[in-house]
Structures are given as structure tokens and as C-alpha cells.
Amino acid sequence: QVQLVESGGGSAQAGGSLRLSCAASGIRFSISGMGWYRQAPGKQRELVAHITSGETTHYADSVKGRFTISRDNAKNTVYLQMNSLKPEDTAVYYCAATVLGQRYWGQGTQVTVSS
């Protein structure tokens, strides 16, 4: 059974930082592409950052230079370090794993940034 469990969400002031974690089980993590997505109220879910099994990273333009995605294959965990947070970063953040043509989602964690 595949499980992706996000943690680290919460509230922060504008300009602050949060670090999200996503612990994966039931998948071959080391060969999985891992991504962070977010969905704000009334908006579509959007890709925030992605990291391949070879650790190539990709970021949405809106978070470039502020967010960093990383992975620890020994811990089956992917991270999203979020710095210089803005109120527009407020959303539910979801972890996703893509492996062997299948995509799996976590349950999401709320991030709220106040001005």
C-alpha cells in the first residue's frame, strides 16, 4: 500500500520560512520522481517543484530562488524548504510520487502566510 505523509505545514509571517517533509512508503522511492503541488482556494492545483530520481530539479517561476526541493533516498523522504514566504504562497501543499507510470498523492498539508 502506497502512503505519502506530509508534515511541516502551518502558519508563518510574510518573509518567514517553513520546511515541508513527505515520507513515502510502499513505493520504490529511489526511482520515483517526487513533486510538491499546491492548491489555493478557488484555484487549480499547480506544480511548485519537482525532483527526478537523478536529482534534477524544476521550479515554478513563482517560487524560483525562494523554495528548494531535495530528497533523502535513505529516508524515503522529500523536502520542500520554503523561504521568503509570501501571502500568495497560502495553499494546501500536496506531495506526489510518480513511478512506473503511476502517480500517487499525499493527503495535503495547509500552509498559511500572513502579511
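The values are calculated or read from the model by the stated rules, or taken from the named source; none is laboratory data. Only a predicted model underlies this, so the values are computations on that prediction, with no experimental measurement involved. Cβ: placed from backbone, ideal geometry, glycine included. Neighbour counts: every protein chain shown. Areas reflect the complete protein model, heavy atoms only, side chains present, ligands, DNA and RNA absent. Shrake-Rupley method; radii C 1.70, N 1.55, O 1.52, S 1.80 Å.
Here are a few things to note about the model shown:
- Per-peptide average of other Cβ atoms within 10 Å, ordering 80-91, 43-54 highest first: 80-91, 43-54
- In terms of accessible area, using a 1.4 Å probe and ignoring ligands and nucleic acids, Arg66, Arg28 rank largest first as Arg28, Arg66.
- Measuring how big the chain is from its alpha-carbon positions, Rg and Dmax come out at 13.3, 42 Å.
- Modelled this way, with points 7 Å down the Cα-to-C-beta line, the labels at Arg103 and Lys75 are 2.6 nm from one another.
- Surface composition of the chain: carbon plus sulfur atoms contribute 45% of the solvent-accessible area (1.4 Å probe, protein chains only, all chains present).
- Annotation: lysines with alpha-carbon distance below 22 angstrom to Lys43 (same-chain offsets under eight excluded): Lys64, Lys86.
- The gain in end-to-end length when the Thr56 to Lys43 segment is fully stretched comes to 1.9 nm, 0.36 nm per residue minus the alpha carbon separation.
- Protection proxy ranking for 71-78, 8-15, using the average of other Cβ atoms within 10 Å per residue and placing the highest first: 71-78, 8-15.
- Within-15-Å neighbourhood charge of Cys22 [Cβ basis; K, R +1; D, E -1]: +3
- The Cα center of the stretch 22-68 and the Cα center of the stretch 82-106 differ in position by 5 Å.
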